[in-house]
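The values are calculated or read from the model by the stated rules, or taken from the named source; none is laboratory data. Everything numeric here is computed off the predicted structure, so don't read it as measured data. Virtual Cβ from ideal backbone geometry, glycine too; neighbours counted across all protein chains shown. Remember, those area values only see protein heavy atoms, side chains included, never the ligands or the DNA or RNA. Shrake-Rupley method; radii C 1.70, N 1.55, O 1.52, S 1.80 Å.
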Amino acid sequence: MHHFQYKAEELYCEDVPVRVIARQVGTPCYIYSMATLKHHFLTFDSAFANAEHLTCYSVKANSNIAILKLFGSMGGGVDIVSGGELYRALKARIPSDRIVYSGVGKTVEEIDFALREKILMFNIESIQELEQINRRAEAMNLKASVSLRVNPDIDPNTHPYISTGMKKNKFGISAESALRAFEDSKSLKNIDLVGLDCHIGSQLTDVTPFVDALQRLRALIDRFRLRGAQIRYLDLGGGLGIVYDQEAPPQPHEYARALLQELGDIDCKLILEPGRVIVGNAGIFVTKVLYTKRTQAKNFVICDGAMNDLIRPSLYGSYHTVQPVARSLQETEMVDVVGPICESGDFLARERELPLTAQGDYLAVMSAGAYGFSMSSNYNSRPRAAEVLVDGEHYHVIRRRETWEDLVGPETVPDFPEEDQGGRNDE
Ligand code: LLP
């Protein structure tokens, strides 16, 4: 369910015509629907209502502080993976006891920042990291709460770049190493081992790998408890997929039912880290047609939005539906929708049957709320797009479009010696 619908052949976000935003704010831009964001958060969170739980929205999916603030106001926490994400979460006033911190490469500065802010827990991804956090906590005279991220060696059947719980992936530690880490942690005075964690991948469209992973974690929790560990938290990560095209992922209530059934009476507070399922279909990317170009081989629709704005099609070969902002019952043609970037990998859609487009038309790239803006860059010195949040008949610009000045703002030119006028001096 989302609030991007046609009314009289014109695409609306809630009660605002997308064309109006595109004209007033300019293109390319991201547009998010507040009602959809709220609905998705509530649907997910309430699916777990029967269990003690905390929904920690995964900041990386869409990191805008207005969106973080919205979920925080609905009782949500966050899953972060960097000091920058922690900074954003705090700016959005997410209470620090609702913040969990994952990631294989936490730096000393990031660890210190998170310790200072007293986050709920670190999800540990290696023994060296555990020791590092212990050292930093000792230096700060604190106790760090940690969960061990377990790599359950399960194939999530998704794109290889976003599968994270297989033996060959860099994430987590094996069950046996986790048990050894627990034994080691007894001598680490500044570590409080409070939970186990796993995250096996993203855009999963079947519930089976989640249940398999959970079975392994359950068995491991029993082994931990037999050895005297106080496991109070079980973090099941994120990963639930959404519909981009023809996928049929489980609904949040089906996902929750399968997990809760498998969990039984485990006596742990559940942590969930959904990202895409909350924001993915709550956002679109809007771009304007600059030129249309017919070659012998292809018809290109050249837009002002590009791979720097939305890299998913180029990076993963992902499918995003592209549709006209103003619909008319015209003929269609087979096109590639491309951007201005100087690479042939710069496309938003390939080989699509689209209604004939003309210069100045707006196109909506659907399902762009997750890993859209948050993965964007300035490649080709393109200022990043504006982000807009629609609420009923109103909209707010929640990130202004970058300017050319923003591009060079952090750069400095050293004083180069004056250009040598006199040629080489051999003496
Ligand atoms: N928790 C952890 C530890 C994660 O690494 C991730 C995503 C999540 C939660 C949220 O997963 P989600 O519910 O969104 O599937 N850029 C890729 C997706 C990368 C996912 C990385 N980790 C894409 O555009 O498909």
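Test Val194 against the stated conditions and say whether it is closer than 30 Å to Thr321 by Cβ, of a type in the set (Val, Ile, Thr) and either part of a strand (DSSP E or B) or open to solvent by 10 Å² or more (accessible area, probe 1.4 Å) (or both).
no
Answer with yes or no whether Arg312 is closer than 25 Å to Tyr12 by Cβ, within 16 Å of the ligand (Cβ to nearest atom) and of a type in the set (Lys, Arg).
Yes, satisfied.
Being open to solvent by 60 Å² or more (accessible area, probe 1.4 Å) and touching a helix residue (DSSP H, G or I) at 6+ places or on another chain (Cβ under 9 Å), is that true of even one residue in the stretch 235-242? Talk me through it step by step, then tell me what you get.
Just the residues of the stretch 235-242 that are open to solvent by 60 Å² or more (accessible area, probe 1.4 Å), to begin with: none.
There is no residue in the stretch 235-242 that is open to solvent by 60 Å² or more (accessible area, probe 1.4 Å) and touching a helix residue (DSSP H, G or I) at 6+ places or on another chain (Cβ under 9 Å).
Residues that are open to solvent by 40 Å² or more (accessible area, probe 1.4 Å), among the hydrophobic types (A, V, I, L, M, F, W, C) and either within 16 Å of the ligand (Cβ to nearest atom) or more than 24 Å from the chain's Cα centre (by Cα) (or both): does the stretch 323-331 have at least one?
yes
Taking the residues in the stretch 197-214 that are open to solvent by 50 Å² or more (accessible area, probe 1.4 Å) and part of a loop (DSSP other than H, G, I, E, B) as candidates, determine which candidate is nearest to the ligand (Cβ to nearest atom).
Per the stated criteria, the residue is Thr205.
Here is a list of conditions, (1) farther than 25 Å from Leu236 by Cβ; (2) at pLDDT 95 or above, and Ala8 meets all of them except one; can you say which number that is?
Of (1) farther than 25 Å from Leu236 by Cβ; (2) at pLDDT 95 or above, only one is false for Ala8: (2).
Taking Ser377, is it on the phi < 0 side of the Ramachandran plot, within 16 Å of the ligand (Cβ to nearest atom) and loosely packed, with under 15 Cβ neighbours inside 10 Å?
Judged against the criteria, Ser377 is a match.
Just to confirm my filter: which strands (runs of 3 or more DSSP E) fall fully inside the stretch 68-178 and include at least 2 residues that are more than 16 Å from the ligand (Cβ to nearest atom) and at pLDDT 95 or above?
Numbers: elements: 77-80, 99-101, 121-124, 144-149.
Strands (runs of 3 or more DSSP E) meeting the threshold: 144-149.
Give the residue, chosen from Gln132, Gln128, that is touching a helix residue (DSSP H, G or I) at 6+ places or on another chain (Cβ under 8 Å) and surrounded by fewer than 22 Cβ atoms within 10 Å (Cβ to Cβ).
Of Gln132, Gln128, the one residue that is touching a helix residue (DSSP H, G or I) at 6+ places or on another chain (Cβ under 8 Å) and surrounded by fewer than 22 Cβ atoms within 10 Å (Cβ to Cβ) is Gln132.
What about Ser344, is it over 23 Å from Leu11 (Cα atoms), open to solvent by 80 Å² or more (accessible area, probe 1.4 Å) and hydroxyl-bearing (Ser, Thr, Tyr)?
yes
Output the number of the condition that Ile21 fails; it satisfies all remaining conditions of (1) open to solvent by 20 Å² or more (accessible area, probe 1.4 Å); (2) of a type in the set (Val, Ile, Thr); (3) in a helix (DSSP H, G or I); (4) in contact with a Cys (Cβ under 9 Å, 6 or more places away or on another chain).
Against the list (1) open to solvent by 20 Å² or more (accessible area, probe 1.4 Å); (2) of a type in the set (Val, Ile, Thr); (3) in a helix (DSSP H, G or I); (4) in contact with a Cys (Cβ under 9 Å, 6 or more places away or on another chain), Ile21 comes up short only on (1).
Limited to the stretch 36-67, what total is found for residues that are in contact (Cβ under 8 Å) with a residue 24 or more places away in the chain and not in a helix (DSSP H, G or I)?
Of the residues in that region, 13 qualify.
Condition (residue is away from the ligand (no atom under 16 Å from the Cβ) and hydrophobic (A, V, I, L, M, F, W, C)) applied to the stretch 270-278: is it met by at least one residue? First the steps, then the outcome.
First pass over the stretch 270-278, keeping only residues away from the ligand (no atom under 16 Å from the Cβ): none.
No, the stretch 270-278 contains no residue that is away from the ligand (no atom under 16 Å from the Cβ) and hydrophobic (A, V, I, L, M, F, W, C).
Take the stretch 215-233 and flag every residue that is assigned to a helix (DSSP H, G or I), touching a helix residue (DSSP H, G or I) at 6+ places or on another chain (Cβ under 8 Å) and either among the β-branched types (Val, Ile, Thr) or over 15 Å from Leu148 (Cβ atoms) (or both).
Gln215
Please determine, by comparing only the residues of the stretch 243-267 that are modelled with pLDDT of 95 or more and open to solvent by less than 40 Å² (accessible area, probe 1.4 Å), which one is nearest to Tyr57 (Cα to Cα).
Pro252
Take the residues in the stretch 350-377 that are part of a strand (DSSP E or B) and touching a residue at least 60 places away in the same chain (Cβ under 8 Å), then tell me which one is nearest to the chain's Cα centre (by Cα).
Going through the qualifying residues, I end up with Val365.
Is it fair to say Glu176 is open to solvent by less than 20 Å² (accessible area, probe 1.4 Å) and either in contact (Cβ under 8 Å) with a residue 60 or more places away in the chain or under 17 Å from Leu220 (Cα atoms) (or both)? Quick ask: steps written out before the conclusion?
Numbers: open to solvent by less than 20 Å² (accessible area, probe 1.4 Å): no; either in contact (Cβ under 8 Å) with a residue 60 or more places away in the chain or under 17 Å from Leu220 (Cα atoms) (or both): yes.
Spelling it out, it is not the case that Glu176 is open to solvent by less than 20 Å² (accessible area, probe 1.4 Å) and either in contact (Cβ under 8 Å) with a residue 60 or more places away in the chain or under 17 Å from Leu220 (Cα atoms) (or both).
Which is among the small types (Gly, Ala, Ser), under 29 Å from Leu236 (Cα atoms) and outside the structural domain of Gly237 (by TED's automatic domain parsing), of Ala326, Ala370, Ala364, Ala297?
Ala370
What are the residues in the stretch 278-315 that are in contact with a helix residue (DSSP H, G or I) (Cβ under 6 Å, 6 or more places away or on another chain) and either assigned to a helix (DSSP H, G or I) or crowded, with 22+ Cβ neighbours inside 10 Å (or both), if any?
Within the stretch 278-315, Ile278, Val279, Ala282, Val286, Met307, Asn308 meet the criteria.
If a residue has to be touching a strand residue (DSSP E or B) at 6+ places or on another chain (Cβ under 9 Å), surrounded by fewer than 24 Cβ atoms within 10 Å (Cβ to Cβ) and under 26 Å from Val277 (Cα atoms) to count, how many in the stretch 24-38 make the cut?
Result for the stretch 24-38: 4.
Identify all residues within the stretch 137-166 that are among the polar types (S, T, N, Q) and more than 28 Å from Tyr244 (Cβ to Cβ); write none if there are none.
Asn141, Ser145, Ser147
Suppose the filter is surrounded by 12 or more Cβ atoms within 10 Å (Cβ to Cβ) and among the hydrophobic types (A, V, I, L, M, F, W, C); does Ala358 pass it?
no
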